[in-house]
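Have a look at the structure below before the remarks.
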């Protein structure tokens, strides 16, 4: 959901959650809004999507740590939070769609060697972002490695 009005959407849904009495959703959306505002304070022209993505990543990392510490109740609570935050993240691209985007990005660059790997990954990730979706960078890298000879 690459949405320029992401902050407004989060605010709107937070108000709806407050009116509906959904305390968990209200709390999570307040945190998301707080993360967006924190990024905007540091860099006014920053993309709010980056703040939401970073917050989701932090939640997932904390969830993994709680799993290691064998705290299932905390893991369940974090999973509920992640589920709400995921609503505001771009949808992950399917394998076929990702492959098509990567092939298009590589074709536009002309012949490539292993030395061009960084440029190729950058172009592919830019194409993914331009599509409004998201993809795991490691997956993109593996796909590019399979396409570049040598």
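Each reported figure results from applying straightforward, stated rules to the coordinates on display, with no laboratory input. Here the structure is a predicted model, which is why all the values come from computation and not from measurement. Note that each Cβ is placed from the backbone with ideal geometry, even for glycine, and that neighbours are counted across all protein chains shown.
Tabulated results
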item: Taking N as its residue count, the alpha carbon Rg of segment 24-122 over 2.2 N^0.38 Å; result: 1.44
item: Taking the chain and dividing mean pair separation by its residue count, relative contact order in percent (alpha carbons under 8 Å, at least six apart); result: 22
item: For 34, 146, order by how many other beta-carbon atoms lie within 10 Å, fewest first; result: 146, 34
item: Gyration tensor verdict on segment 1-72 (Cα atoms; rounded if a/c is under 1.5, prolate if a/b is larger than b/c, oblate otherwise); result: oblate
item: Relative contact order, percent, segment 95-147 [alpha-carbon distance under 8 Å, six or more residues apart]; result: 43
item: Relative contact order of segment 6-86, defined on C-alpha pairs under 8 angstrom at six or more residues apart (%); result: 29
item: Calculated log₁₀ intensity ratio I(q)/I(0) where the Debye formula runs over C-alpha points of segment 95-147, q = 0.13, 0.21, 0.32 Å⁻¹; result: -0.24, -0.64, -1.56
